[in-house]
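The values are calculated or read from the model by the stated rules, or taken from the named source; none is laboratory data. Since we're looking at a predicted model, the values are computed, not measured. Note: ideal-geometry Cβ built from the backbone for every residue, glycine included; neighbour counts use all protein chains shown. Just the protein is used for accessible areas: all its heavy atoms, side chains included, with ligands, DNA and RNA removed. Shrake-Rupley method; radii C 1.70, N 1.55, O 1.52, S 1.80 Å.
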Amino acid sequence: MGSGENKVVLHGMWASPYVKRVELALKIKGIPFEYVEENLRNKSPQLLKYNPVQKKVPVLVHNGKPVCESLVILEYLDEVWSTGPQLLPKEPYQRANFRFWAAYIQQLLESIFKLFNADKEAHEKPLQEVHEKLRNLEDGVKEFYFPEGSPNHISAENLGILDVMLVSVLGPFRAKEEAFSVKILDPGKNPLIFSWIQALIELPLVKEVVPPHDKMVGVLQFLKQSGFKF
Amino acid sequence: MDNEVKLHGFWPSPFVYRVIWALKLKGIEYDYIEEDLANKSELLLRYNPVYEKVPVLVHAGKPISESLVILEYIEEVWPHNPLLPKDPYERSVARFWINFATDKGRSAVRSLFWGGGDGKKEAAEQMFDLLKIIEEQALGDKKFFGGNSINMVDLIFAWFACWIQPMEQLVGIKVLEPSRLPSLHAWVKNFKEEPIIKENLPDPERLLAYYTRLTSNLVSKPT
């Protein structure tokens, strides 16, 4: 297999949750890749060429052909690298279940963004929405993903799409809480999700992907102050 | 019970129609249950506790919610008459456009249909820009988004075939102008003439009446 055979390049931005999904998925599947950090205020000509419609990251370029949209990329990775660790289970009903909850974790991120966009005085309603989604997520995944009621089975060898999605959204949860002075994840209210994300962020593989705490707090605060719309 | 397929739906919903078309294109027998969204059945609430929405597909007693998840499931369980390309790269392109329509389409519709009076013209232009991208980059010079035959991308974009018209009438702005979007306009015609699609389309008069009722309810509420 020559060096051009399976060339994978990921265009990303270090703080983007969407990019983190792809980064973690590539590492889980053991796919070697080159990473290109994009300056979103000065996008590379390559990025604009590879994603002319959205002009966004992440873009995965596989042997010169671009794949865009994080969840689309994850499906693509599983289909092309179909031996070895899989992000989705094999059985169709289970796949549907995982896809449903992966999409729901994206909904959770959107609620967190709504919270970030709200003024400090108007935090209550968006925060309630976040907590409601966390509750739904906890109830929803409990039975099929944590039949023993705890994340004991979580290890680097069996991570899948739900772990990838959760890391992308809640990996830096403490940084998000600090930057916005809110409590997003309460171990009393969401014991399972709390212990799940704790188990995940302990893994060396995941540690490589989650942005450093202080850097994350800094960028979130900077963006908020600049009137950025999350 | 065995392999019975049931679909819980609501007749004006484009999301429900996607599933109806997928089932019919693959020749899958199913029972249809019309839900009254103002008075949802116990079953629906049990099958979809998270969103309490339609469509819900129930296969051998097991419920699946969210139209895109349902479509992927149908494609995997009944792979004949495929609705997605075989090649992973082509599949990723199809999924990209499905995602694009879902993401951008939803906010464009919201702005145009539910947005305030003054913003409507701008919302219509934004919708047009979106449709232009879709026409030039997703459709190109193909007959259908799926090429010579309909695929999942066509089913997702079908919103522009049947549901944009009542909204254009209500808002009083034509967005899908034949002169400005000739290929997309041709696609609408071709899509609606496809045998299985033709037999399974919502009644345009009924749709208009439904959306008229919806918007008049909105107007009567204080903002």
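Quick look at the values:
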item	result
Cα-only Debye scattering, the range A:8-80: base-10 log of I(q)/I(0) at q = 0.12, 0.24 Å⁻¹	-0.26, -1.10
Sulfur and carbon atoms: percent of accessible area, the range A:6-115 [1.4 Å]	55
At least 40 Å² accessible surface lost relative to isolated chain, residues of the range A:35-81 (1.4 Å probe)	A:Val53, A:Gln54, A:Lys65, A:Glu69, A:Val72, A:Tyr76, A:Glu79
Test item: B:129-138 mean partner chain Cβ contacts at 10 Å	1
Computed label-point distance, nm, for sites B:Glu199 and A:Tyr35 using a 7 Å Cα→Cβ extension	5.4
Proportion of all alpha-carbon pairs of chain A beyond 24 Å (%)	46
Ranked by how many other beta carbons lie within 10 Å on average, peptides A:182-191, B:13-22 from highest	B:13-22, A:182-191
Percent antiparallel among DSSP beta bridges (both partners in chain A, rounded to 5)	65
Interface residues in the range B:34-75 - accessible area drops by 40 Å² or more relative to the isolated chain, probe 1.4 Å	B:Val50, B:Tyr51, B:Lys62, B:Val69, B:Tyr73
Along each principal axis, Cα extent of the range A:51-136, largest first, Å	49, 35, 18
Probe 1.4 Å, protein heavy atoms only - accessible area per residue of chain B in square angstrom	50
Accessible area buried at the A-B interface, both sides summed, 1.4 Å probe (Å², nearest 100)	2300
Bridge type composition, the protein assembly as shown - antiparallel percent by DSSP, nearest 5	70
Carbon/sulfur fraction of accessible area - the range B:47-157, other protein chains in place, 1.4 Å, %	49
Chain A: calculated mean residue ellipticity at 222 nm from DSSP helix runs of at least 4, using -39500 (n - 2.57)	-17000 deg cm²/dmol
Placed amide H near B:Val56: partners under 5 Å, 5+ positions off or other chain	B:His8
When each of B:Lys26/B:Lys198; A:Lys56/B:Lys53; B:Lys142/B:Lys192 is checked by Cα-Cα distance, pairs over 24 Å	A:Lys56/B:Lys53
Bridge type composition, the range A:8-80 - antiparallel percent by DSSP, nearest 5	65
Chain B - Debye-derived log10 I(q)/I(0), Cα point model, q = 0.14 Å⁻¹	-0.94
The range B:192-211 versus the range B:80-98: alpha-carbon centroid distance in Å	26
Alpha-carbon radius of gyration plus Dmax, which is the widest Cα pair, for the range B:67-195 in Å	15.2, 49
B:Asn81 paired with A:Glu143, simple spin-label distance in nm, labels 7 Å along Cα-to-beta-carbon	3.2
Threshold 40 Å², the range B:90-113 residues less accessible with all protein chains present than alone (1.4 Å probe)	B:Ser92, B:Arg95, B:Phe96, B:Asn99
Debye intensity ratio I(q)/I(0), log10, the range A:137-230, q values 0.14, 0.16, 0.17 Å⁻¹ (C-alpha model)	-0.56, -0.71, -0.78
Placed amide H near A:Tyr35: partners under 5 Å, 5+ positions off or other chain	A:Leu10
Span per principal axis, largest first, for the Cα atoms of the protein assembly as shown (Å)	60, 59, 54
Hz values of 3J(HN,Hα) by residue in the range B:83-100 - Karplus curve (6.51, -1.76, 1.60), Gly and Pro given as x	10, 10, x, 6, 5, x, 5, 4, 4, 5, 5, 4, 5, 4, 5, 4, 4, 4
Dipole in debye (nearest 20) - chain B, about Cα centre, beta carbon charges: Lys, Arg +1; Asp, Glu -1	400
Under 5 Å, built H, 5+ apart or other chain: amide partners of B:Tyr32	B:Leu7
Accessible area of the range A:92-226 divided out per residue, in Å², using a probe of 1.4 angstrom	45
Stokes-Einstein D in µm²/s, Kirkwood radius over Cα pairs - the range B:1-132 at 37 °C with 0.692 mPa s viscosity	198
